[in-house]
1. Any residue at all in segment 497-506 that's part of a helix (DSSP H, G or I), more than 22 Å from residue 413 (Cβ to Cβ) and small (Gly, Ala, Ser)?
2. Evaluate segment 647-666: report whether one residue or more is surrounded by 17 or more Cβ atoms within 10 Å (Cβ to Cβ), in contact with a helix residue (DSSP H, G or I) (Cβ under 6 Å, 6 or more places away or on another chain), outside any helix (DSSP H, G or I) and not polar (S, T, N, Q).
3. Of all residues in segment 294-352, which are in contact (Cβ under 8 Å) with a residue 40 or more places away in the chain, among the hydrophobic types (A, V, I, L, M, F, W, C) and part of a helix (DSSP H, G or I)?
4. Of the residues that make up segment 531-551, is at least one modelled with pLDDT of 90 or more, surrounded by fewer than 24 Cβ atoms within 10 Å (Cβ to Cβ) and small (Gly, Ala, Ser)?
5. If you go through segment 507-523 one residue at a time, how many are more than 13 Å from residue 553 (Cβ to Cβ) and without any contact (Cβ under 8 Å) to a residue 60 or more places away in the chain?
6. I want to confirm something. Restricting to segment 482-511 and keeping residues that are at pLDDT 95 or above and of a type in the set (S, T, N, Q), which single residue is surrounded by the fewest Cβ atoms within 10 Å (Cβ to Cβ)?
7. May I ask you to list the residues in segment 162-186 that are in a helix (DSSP H, G or I) and in contact (Cβ under 8 Å) with a residue 24 or more places away in the chain?
8. Based on what the data block shows, is residue 494 touching a Pro at 6+ places or on another chain (Cβ under 6 Å) and in the same structural domain as residue 337 (by TED's automatic domain parsing)?
Amino acid sequence: MKQLLGNFFSRLGRALAPFQSIILISLAVWVTHIVLRVLLLFRSNPYGFPFVSKPDWFIFHAVCLDFMWIVNALVVFLVLGVLAGLLVSKIAKSPDSGSCPKVAIVAKITAILYAVFHSAILLLTLLDNETQRFLGGHLTFGLVDTYKDTSSIIVFYDYVANDLSVPYLQFVVLLLMLPATYGCYRLLRKWYKPGDGFYVKKSVIAMVAFYIASFLFVYFIWTGNARMTKLRPVVSLIYNDLFVTQKTGGLSEADLANYRASYQNLWQKVEGDSLWQFVDSDAGNHLPLYRVPTQALLQSERLTAQREKKPNFILVLMESQRGYNTGYMNPQIRPSPTPFMDSLAAHSHVWMRMHTSGVPTTGGVLSTHLGIPHHSRLAEATDLAHVTLPSFVSVLTENGYSTHYMSAADPAWDNLGVWMAKWYTAQHYNREREDDSTFMDHAIEYVRDTLSKSGKPFLATLMTRSNHYPFNFAAGMTDEQKNRPLQERINVTMNYADRQLARFIRAVENEEWYKNTYVIVMADHGFPLGENGVSTMNGGGFSNVSWIPFMIHGEGLEVVRDTTTAAQIDIAPTVLELAGFAVPNIFMGHNLLREGEVAGLSLGAYSGYSAIGLDGYRFIAKYPSFDETYLFADGDTRQEKELSADRLQDAERLKNTLDTLIKISDYSLEKGL
């Protein structure tokens, strides 16, 4: 066996000998990519804020990811080059391909093509890095289409000139990047003077070992979808844009017209009045969601009174808060993990059938702000960061509110910080305040002692963290609690988060300004823990992940347990109703506090699945294939009885409606306003 391996490596070494230079090119290029990653992750963005708050959580993954795709490219060029070399040596009837002059020419051509390939990728990588720093999203065909006019080049130069990190550094890197890579390559050639089989025994074996270690580290030892999305290499972006990503932007005019009419008719049916009208946008775009308020709505006494009142808002987004484990929503669970929320619900307007409109956190948070479900296929927070999408927060900010996003979790982790910077006056995050206790300490102090005394109405959005998978983040958890099954452990962390929410409310509820404040408590999403046979976030849109608490507490609100079907897309129009603003928008949701008999609609996209709640049913489907569907009664919040076999016509009708709404939703997210 040892002799066989020796012969194999010896023959492999002779075959690869003419192609040794492309291995050194790979290593030199990898060094340059490491430098580019450092310049991206350890610098601030052009506006003076850290690009990521925890660069140490990103850099090792970046180094490994770059190494893996470079090795993949190396293998492709090696295989093509060696095959071409073998063919040439056969034609030349050379007994040894490693010493054939024509094979050397093939190897040289291969090395030149390989160098050109990497030069192009390096230039695109630098552009992608700067695109992320300036716009928050990767360099994609969609972004190029959005900013394809020449004026964008002038704007980009202005950004570079006023970069609060290091002005003009981009141009310095651009000028030096390729010469430095070539210099590194020449240095490697000087250091390494291999004999026959050296690269197989040394370099290649070492590269294979590091490749395996990198793969295990990135995909098994320390994973993270948000981090992987942020660190996606340019070659992966190009491949996804060309071969993987399916976009709705290519809808035909006829299809768009049909979907638009169906959507608008359904929206008006659910809304139940004619206070809004669908029109083309001021920019002349044919946007299916664009609607404007009528004069009757703008001049209504209700909105006028709310505007004059100038209420404050405190929006609390509870991480992974499940309806299953919220006491007032699921009385079967005893004792209740959420005694404070239960007591607050007894004095609030509570929606018992509220559903998230997207998962994971980016999906729930963005849906809440935008009034549109999460994109059914794209990583919205990153892939659509360049699209102009106003939120209810941007409306409040533009109308004189002081708006602050406070998060116990790092907003830069999953690119949410880029979106919050578009809408909010300021963001608050500190890696030393990642426990809900220390986070709430800061929130109490800032809201009570700063925001409330600013002389402006305010919105404070609080995003908690401690109740997060694997549900062992709560401070003070005992070893016994940490060793409980997940289904029990979540009760401990939800109870901890509930106590921190109680501390916040009790610290501010006696303040004078609190009387003119609406407190909104809800979750970003739930979490599947085996119910319906699902235990992963991308395993379906069942109520274990979609059914969440939602309540509004404040003066003048009816204290009721509302069974209207609702979703996070309803938050934006509802908050603006309470603030007294009616502005042109592209919200798909409805004002949940509108007068008269209210019909309900819930809509969401959940990592390969989508769901709709309408006409007394909740329909869940694998999307867009529809090869897996479920139908439940809307009141069956724990989804214990599947009905599709007995309600085939209802299931088919909801399937068609869901498909229409998701296509309109995806199209609108990609087009923006």
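1. Going residue by residue through segment 497-506, those that are part of a helix (DSSP H, G or I) are 497-506.
Pick out the ones that are also more than 22 Å from residue 413 (Cβ to Cβ) and you get 498-499, 501-506.
From what is left, the residues that are small (Gly, Ala, Ser) are 502.
Within segment 497-506 (the criterion being part of a helix (DSSP H, G or I), more than 22 Å from residue 413 (Cβ to Cβ) and small (Gly, Ala, Ser)), the answer is yes, since at least one residue qualifies.
2. no
3. 297, 298, 303, 305, 340, 341, 344, 345 - these are the residues of segment 294-352 that are in contact (Cβ under 8 Å) with a residue 40 or more places away in the chain, among the hydrophobic types (A, V, I, L, M, F, W, C) and part of a helix (DSSP H, G or I).
4. Scanning segment 531-551, I find no residue that is modelled with pLDDT of 90 or more, surrounded by fewer than 24 Cβ atoms within 10 Å (Cβ to Cβ) and small (Gly, Ala, Ser), so the answer is no.
5. Within segment 507-523, residues that are more than 13 Å from residue 553 (Cβ to Cβ) and without any contact (Cβ under 8 Å) to a residue 60 or more places away in the chain number 2.
6. Filtering first and then ranking leaves 510.
7. Those that are in a helix (DSSP H, G or I) and in contact (Cβ under 8 Å) with a residue 24 or more places away in the chain: 169, 170, 173, 174, 177, 178, 180, 181, 182, 184, 185.
8. When the stated conditions are applied, residue 494 passes them.
The values are calculated or read from the model by the stated rules, or taken from the named source; none is laboratory data. Computed from a predicted structure; not experimentally measured. Ideal geometry is used to build each Cβ from the backbone, glycine not excepted, and the neighbour counts take in all protein chains shown.
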